[in-house]
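Chemist: Structure provided below as structure tokens; questions to follow.
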Amino acid sequence: MQVYHNFIDGRFVPDNGEFISVINPATKEVISQVATASLEQTKEAIMAAKKAQKSWEALPAIARANHLRELANLIRANAKHLTDVLMAEQGKVRALAQIEINFTADYIDYTAEWARRYEGEIIQSDRPNENIYLYRTAIGVVGGILPWNFPFFLIARKLAPALLTGNTIVIKPSSQTPNNAFEFAKLVEKSSLPNGVFNLVAGSGAIVGNELSSNENIGIVSLTGSVDAGVKVMQAAAKNIIKVSLELGGKAPAIVCKDADIDLAVRAIKASRICNNGQVCNCAERAYVHKDVYDEFVDKFVKEMSKVTFGNTLKGDFDMGPLVNADGVANAKAMLERAVSAGGVVECGGKVTDDSGFYFPATVVTGVKHSDEIMQKEIFAPILPIAKFETLDEAIDMANDCEYGLTSSIYTQNLDIAMRASKEIKFGETYINRENFEAMQGFHAGFRKSGIGGADGKHGLYEYLATHVVYLQYNTNKQ
Ligand code: NAD
């Protein structure tokens, strides 16, 4: 069985006898053992990153970019192996796993392009003979804490902007899906990246994650995960008043207007709802459909969802794989049961028919009210609850009335409705006539409890930069 060790200061370090057993969710078999980093090792990783940071930042940005490009090329050269590793621990379908690996390499290359583009400013002074320079400078050591649903891509979403701007990083993968991160660390070991610039420590949120949020040598902590973890990271970071970047849960509403192209809406919302087996922060989690097209939409949607296949994606070509673990299945079942008790009607799916892995079928629930738990809380399983609306005002109010504010979508062929929705829907992202995914040059950020700060593009890069303003007074008399 594959055994992985923590990667600190450019080398894989000895274990201390404690391991995480990683399970293939499609079969429930243990597929690897990952050494848990002790608190001491976590501190060592942070110190290694601190030690490496000064000389890393001293390199010209283009030299740092060249290191990133080398990593992107190593990912491409090992894409097949990385895809298999990712599928085995996370249960993705092959096509999505391939997209994740290739997109990660492209994302790193895209970020490298910013080397010659990010800039400071020269500011007008109120005094004679003075220049005011605003430098954009690295923050220092980044703590990066990852979830399990896009674990490989999220390494790059934190590492690439952090390293390009002169920071160094310590990453903690999710204990559900650490293998791909350790395979990435093997590529880093082969590369010319200086020791200590990238470090990887596995372990619990309470110990390793907490240290990455509260250690006095961390300059910014960037978490992608649940709201609960976000609250804890923010509290821990408050001790040292450091910057936090939190990308948290979502409950994306999809609004289907009466003038919508219904077939397009059905196709897009279904693809979004079953993507990554229903476990994406920005996939459609609730639908509001205009009363005039409600029956047509539900009829077509249920037909499509009834055809969705699932199984072990390493063994066959399925639409979905399993949920990530037993808790995922238990949560989905319990939430559905409570929705039914509140008056919901299961139109298809809903029953676990195969427990050889953590499978849950594509499910549609109607008869739900906007205030029901299933319309308000993140499900993270392929279940779509559908409610009816009469006016656009009502639909927009219901969409906005939610503690999450990450992604939203609206289906309409009316330009006035599209323009109004793009102003009045209060979410970090709104898709019109399509669903996720977001672009690497966009900005992925959430309103309300979906997070603070964000990732991607220019604004995501600037998350990892501090400003330093220098006032230079010069003398004109003595020349
Ligand atoms: P999670 O919150 O359980 O875990 C995420 C990470 O936080 C893990 O590495 C975990 O060990 C760590 N953690 C837990 N407690 C911690 C603590 N006290 N201090 C520091 N770290 C701690 O989330 P998950 O189940 O891995 O992922 C699913 C969640 O992530 C969903 O809510 C999903 O919407 C969200 N997500 C958001 C985005 C986004 O871009 N907004 C992207 C992917 C996933």
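The values are calculated or read from the model by the stated rules, or taken from the named source; none is laboratory data. Because the structure is a prediction, the values reported are computed rather than measured. Cβ coordinates were reconstructed from backbone atoms using ideal geometry, including for glycine residues, and neighbour counts include every protein chain displayed.
Chemist: Kindly check whether there is at least one residue in the stretch 336-345 that is surrounded by fewer than 17 Cβ atoms within 10 Å (Cβ to Cβ), part of a strand (DSSP E or B) and modelled with pLDDT of 95 or more.
Modeler: yes
Chemist: Does residue 476 count as more than 17 Å from the chain's Cα centre (by Cα), part of a strand (DSSP E or B) and among the β-branched types (Val, Ile, Thr)?
Modeler: So residue 476 fails the test.
Chemist: Are there any pairs, at least 6 apart or on different chains, whose C-beta atoms fall under 6 Å, with the first in the stretch 212-236 and assigned by TED's automatic domain parsing to the domain that holds residue 140 and among the hydrophobic types (A, V, I, L, M, F, W, C) and the second within 6 Å of the ligand (Cβ to nearest atom) and part of a loop (DSSP other than H, G, I, E, B), and if so, which?
Modeler: From the stretch 212-236, the pairs are 227/248; 227/249.
Chemist: What do you reckon, is residue 286 outside any helix (DSSP H, G or I), in the same structural domain as residue 405 (by TED's automatic domain parsing) and within 16 Å of the ligand (Cβ to nearest atom)?
Modeler: For residue 286, the condition - outside any helix (DSSP H, G or I), in the same structural domain as residue 405 (by TED's automatic domain parsing) and within 16 Å of the ligand (Cβ to nearest atom) - is met.
Chemist: Looking at 62, 108, which one is within 30 Å of residue 465 (Cβ to Cβ), surrounded by 23 or more Cβ atoms within 10 Å (Cβ to Cβ), at pLDDT 95 or above and outside the structural domain of residue 276 (by TED's automatic domain parsing)?
Modeler: Matching residue, one of 62, 108: 108.
Chemist: Same structure, new question: Given (1) under 15 Å from residue 382 (Cα atoms); (2) more than 16 Å from the ligand (Cβ to nearest atom); (3) in a helix (DSSP H, G or I), identify the lone condition not met by residue 263.
Modeler: (1)
Chemist: Here is a follow-up. Return the only residue of 363, 391, 412, 430 being farther than 30 Å from residue 341 by Cα and either out of contact with any Ser or Thr (no Cβ under 9 Å at 6 or more places or on another chain) or among the charged types (D, E, K, R) (or both).
Modeler: 412
Chemist: For residue 378, are the conditions met, namely being modelled with pLDDT of 95 or more, among the charged types (D, E, K, R) and more than 27 Å from the chain's Cα centre (by Cα)?
Modeler: So residue 378 does not fit the description; no.
Chemist: Tell me the residue from 460, 451, 428 that is touching a residue at least 12 places away in the same chain (Cβ under 8 Å), within 16 Å of the ligand (Cβ to nearest atom), in the same structural domain as residue 286 (by TED's automatic domain parsing) and crowded, with 21+ Cβ neighbours inside 10 Å, please.
Modeler: 428
Chemist: Another question, then. Determine whether the stretch 122-140 contains at least one residue that is within 15 Å of the ligand (Cβ to nearest atom) and either under 16 Å from the mean Cα position of the chain (by Cα) or farther than 30 Å from residue 312 by Cβ (or both).
Modeler: no
Chemist: Return the total of residues in the stretch 277-292 being of a type in the set (A, V, I, L, M) and surrounded by fewer than 23 Cβ atoms within 10 Å (Cβ to Cβ).
Modeler: The qualifying residues number 0.
Chemist: Here are 393, 327: which of them is outside the structural domain of residue 25 (by TED's automatic domain parsing), farther than 20 Å from residue 149 by Cα and of a type in the set (D, E, K, R)?
Modeler: From the options 393, 327, the qualifying one is 393.
Chemist: In the stretch 169-244, which helices (runs of 4 or more DSSP H) lie fully inside it and hold 1 or more residues that are of a type in the set (Phe, Trp, Tyr) and away from the ligand (no atom under 13 Å from the Cβ)?
Modeler: Fully inside the stretch 169-244 and qualifying: 179-190.
Chemist: What residue, of 193, 212, 159, is surrounded by fewer than 23 Cβ atoms within 10 Å (Cβ to Cβ) and either more than 22 Å from residue 106 (Cα to Cα) or among the hydrophobic types (A, V, I, L, M, F, W, C) (or both)?
Modeler: Every option except 193 fails the conditions.
Chemist: Being assigned to a helix (DSSP H, G or I) and buried (at least 24 other Cβ atoms within 10 Å of the Cβ) is the requirement here; does residue 399 meet it?
Modeler: Answer is yes for this residue.
Chemist: Looking at the stretch 429-437, can you tell me whether even one residue there is closer than 28 Å to residue 218 by Cβ, acidic (Asp, Glu) and assigned to a loop (DSSP other than H, G, I, E, B)?
Modeler: So far as the stretch 429-437 goes, no, none of its residues is closer than 28 Å to residue 218 by Cβ, acidic (Asp, Glu) and assigned to a loop (DSSP other than H, G, I, E, B).
Chemist: Go through (1) buried (at least 19 other Cβ atoms within 10 Å of the Cβ); (2) over 17 Å from the mean Cα position of the chain (by Cα); (3) part of a strand (DSSP E or B) for residue 466 and report which single condition fails.
Modeler: For residue 466, the failing item is (1).
Chemist: On the basis of being buried (at least 19 other Cβ atoms within 10 Å of the Cβ) and over 17 Å from residue 290 (Cα atoms), does residue 442 make the cut?
Modeler: No: the conditions fail for residue 442.
Chemist: Which condition from (1) away from the ligand (no atom under 16 Å from the Cβ); (2) assigned to a loop (DSSP other than H, G, I, E, B) is the one that residue 280 breaks?
Modeler: Of everything listed in (1) away from the ligand (no atom under 16 Å from the Cβ); (2) assigned to a loop (DSSP other than H, G, I, E, B), residue 280 misses just condition (1).
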